[in-house]
Each structure stands twice: as C-alpha cells, then as structure tokens.
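The values are calculated or read from the model by the stated rules, or taken from the named source; none is laboratory data. Every value quoted in this text rests on a predicted model; they were computed, and no experiment measured them. Every residue, glycine as well, gets a Cβ built from its backbone with ideal geometry; the counts of neighbours run over all protein chains shown.
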Ligand code: KIV
Ligand code: ZN
C-alpha cells in the first residue's frame, strides 16, 4: 500500500496572519467548506486565545466540519491557551490541539528568556495537559530550523514521551535550504528513540522562496505531514503552497512514492475562492493555479503540443480544475446549456443561486459579445462568496476628461441595521475618476484610508473582457484587501475599494 502524506492546511490560521488578509466568520466558514471538499486531512482553524472572534471562528468551523475533517486549534505552552482550544473544539469527533514553544537559541535568549531545561519542562507539562483533553496532540518546537540539532532531538523525544502524536518541525523564518532540511529530518529519524510513535511534520515559510522545496525534501526524508496554505498565503513571504506540494507529490509519484487525499480538480476553484475572499491576487505565472500555468506561447511548443500534449505538459489542466479562456456561451444560450456548463466547471448551485448567476450572465452577455469560462466563474464567485458588508454601492456617476476636474457623485446604502437600511449621497473631486469615487465613498462613511496598492487586470481574453480590480489600503495601522469584477473598471475599482473599507470599518471599534 502506498504511504500517505497528511495535508494540514493552515490558511485560516497562518494564512490569515498575512497583512490585510483577516477574514470574517462567514468567510472562514466558506473557506473551511472548500477545504473539506478539497479533501485536506487537517484544518488549522485559528488561535482561539488570540481574541473572542478567533475563538468563535474556531468553534464555528469545528461545529460545522469537525466530524468530517480533523479540526485543529493553536495554543502556546500556557494552560489558558490549551483550555481555550479544548473549549473551542469540545464535542467534535476529530479534534487536534497544536501546542508550540520556541526552541532556538535566539528565541530562548531574547524572546522567552528561558533556559533549555525550562523549555523541556514546559513542553512536557503542556503536551500532557493537551493530552488530558484530546488524544490527538501536535507539538511544534518553533524556529526548529535554527535550533541546535541535539537539543531539538531532546525536545522532540520528550514531547513524544509526554503524548504528542505529531511532531512538527517548523522553519519559522524560512531559513532552511532543501539539503539542510533533509538532514534535519533524517537526523531526527535516526536519533530520536521514540520517533516511530509520532508523525513527523513540516511547516516551512517562504522567505528564501524555498518553502515548497524544503517541504518536499522533508517528505523525501520521511516526514508524513505537510503544513501548507492555499496560494502560499501566510506571514511575510508566506507558507508552502498547498497546490504546489500536492501536485509535486502527484506528478512525481515515481520519485516520492507517496500520495495525498486531495481531490486535485478542486485546486483552482479553492485558490480562486481564497483569492477573492482575501483580496490577494494570484500572480499570473504562479505554478499550478496561475492564469498562465497552462498557456503555451512559443510556436515550437504549440507544435509539439498538437502532436502530443506530453511534449510540453507534465500535468493535465483538468487535473487541477484549471479554467481556460474557452469561449462558451452567448446571449442566446439557454438556461439548460448554462446549467450544464456550470456543472462542467465543477460547481453545484441550488436553483435559486443558479437563477441569480444566470440573470447576471444574461446581463453580461448583453454588454460583451464573448462570454468565457473565466467570466462565468467570476459571476459564480460574485453570487456565492458570502461577505457581510455594511456599506453597499447603490450608484455612482463620474465626470472626467482632458481639461476637466475628475468628479464623482456616489450613493451608498448603510445596512448596519438590515431591517432599516439608510442611503447616503455625497460628491468628491480626485486625481482621476477612480480616486474621486473612492474619496466620495470615504466622505459618506466618514473615514480616510491610504491606498497602498491598486491593480486592474482582464479576467479573460478579448477587448471587451471584464476587469478585475484589486486594492490594498492602510487604515488605523492595518492593511486590508478588496477585489471585485465588472465590465466597467471604475465600478470594479469602486467595489474593490468599498470591500476593503467595509473590512476596515468592521474591525475598528467605534469612537
Ligand atoms: O511558523 C511557525 O513556527 C508557526 C508555528 C506556530 C507552528 O506558525
Ligand atoms: Zn508559521
């Protein structure tokens, strides 16, 4: 029987720690649902002690999915952290408590001010405490990649004796290189007497762009759990990208000799969902899920592909659920053909949702001649990605042109009390029409944010392609992202900016 590698997804915990990527509870639930459908083995749903919101989110994910997939909560080596995780996971059939404590000399001296013996003592005490709540306990010696090897072996051995069922070896700062990391895992396998009683796990950050390579080197050395995130989201340069790990293991099964439980045709859909919710764009040439991942430009490649796809393609696009630029439907396509295409694209929509997406499709087909698969996916995302947004764009009008001052009038609806929504109108001038619309919205909401990044790109091919706008704003010392799609790029920009503002105001306590 082939060995299986456990895929531990930490998009909702480490991924959410990316600047500007905080998510609301319905957004977390939506991502958790997608992760369950993707087939991940463990979902790290959050860090319950961090805030009441984090606690509630872990609890909600656990309640909804804790009988289908293992749900994990993170805890420092502190009693109150562990009790909080246990509380959030109470009653589910597949809980896991993940306890961590830094072990590297730098962390021991400057952050923890603890001696080696104290680290070992605390590890044992807290792993035992976690085991008193749950049979499935993971221990992580934080910054393991910069920890003295013999001390690392000692801590890991003691953690396993205390009851850890998974020992995770984090490269917290992305310092490792593949050969180095291979040796670390191999050393642990050779030197830790009870290593056979636990699963060895990896958790690699991407500061040197090596997170995926390091994780795979660890698998080669015998690790059987990989911690990763969708689109490689995570602190700083991010974590190892789930889609890359999974497809490397699948494509090079001849070399690694292991498998995962991942339903790979859902990879691209899950990537799009995470990108839409967090507002973090996926770069065009990103491996596996980027728009260009399966595009062949050079004539010689195209010629080879026509003879035999395997000349230049190591994976089939359908195996990752890649949606290309096929022109599929037009204005006269019926509801039946539309439903069939939606199903072929891998979506299951109930009748009410399908009707809404179909109505949007007819409206879009009126505006643009060719409707591509990517357009349909954008319409589905718009209707299915739940976002609880207080402010809604009702209408806007802009005046812009050479020799005129760009102006915008905007109407927003305040849904703070959904039973009695109130509309507000205002106007502003700006450096350009997009700036004017954003300023008018800020005037209505009563906030001023700083635009940090702004990008517009085409969703599909053709001159009449829909525009996808992505913005990053800074507000009250934090970053927020927003992303939206429309045939009108000013509308897409306004909607993306409003999404980011909605996130910002929902997190900022009222004065
Ligand atoms: O990067 C890290 O060390 C972590 C631990 C909490 C596992 O995220
Ligand atoms: Zn991490």
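Just one of 59, 84 is surrounded by 18 or more Cβ atoms within 10 Å (Cβ to Cβ), away from ligand 1 (no atom under 14 Å from the Cβ), under 22 Å from the mean Cα position of the chain (by Cα) and more than 27 Å from residue 211 (Cα to Cα); which is it?
Selected residue: 59, the only one of 59, 84 that is surrounded by 18 or more Cβ atoms within 10 Å (Cβ to Cβ), away from ligand 1 (no atom under 14 Å from the Cβ), under 22 Å from the mean Cα position of the chain (by Cα) and more than 27 Å from residue 211 (Cα to Cα).
Hey, among the residues in the stretch 213-241 that are within 15 Å of ligand 1 (Cβ to nearest atom) and assigned to a helix (DSSP H, G or I), which one's nearest to the chain's Cα centre (by Cα)?
That would be 232.
Can you name the residue in the stretch 1-37 that is away from ligand 1 (no atom under 16 Å from the Cβ) and surrounded by 24 or more Cβ atoms within 10 Å (Cβ to Cβ) and is also nearest to residue 507 (Cα to Cα) among such residues?
28
Please work out which residue is farthest from ligand 1 (Cβ to nearest atom), limiting yourself to the stretch 190-212 and to residues that are part of a helix (DSSP H, G or I) and surrounded by 20 or more Cβ atoms within 10 Å (Cβ to Cβ).
Only one residue tops the list, namely 212.
Would you mention how many residues in the stretch 272-294 are touching a strand residue (DSSP E or B) at 6+ places or on another chain (Cβ under 9 Å) and in a helix (DSSP H, G or I)?
The total comes to 5.
Using the structure shown, decide if residue 187 is out of contact with any strand residue (DSSP E or B) (no Cβ under 6 Å at 6 or more places or on another chain), buried (at least 19 other Cβ atoms within 10 Å of the Cβ) and not in a loop (DSSP other than H, G, I, E, B).
no
Confirm whether residue 40 is in the same structural domain as residue 199 (by TED's automatic domain parsing) and surrounded by fewer than 20 Cβ atoms within 10 Å (Cβ to Cβ).
No.
Output the number of residues of the stretch 349-373 satisfying the condition of being at pLDDT 80 or above and either under 23 Å from residue 463 (Cβ atoms) or assigned to a loop (DSSP other than H, G, I, E, B) (or both).
Count: 13.
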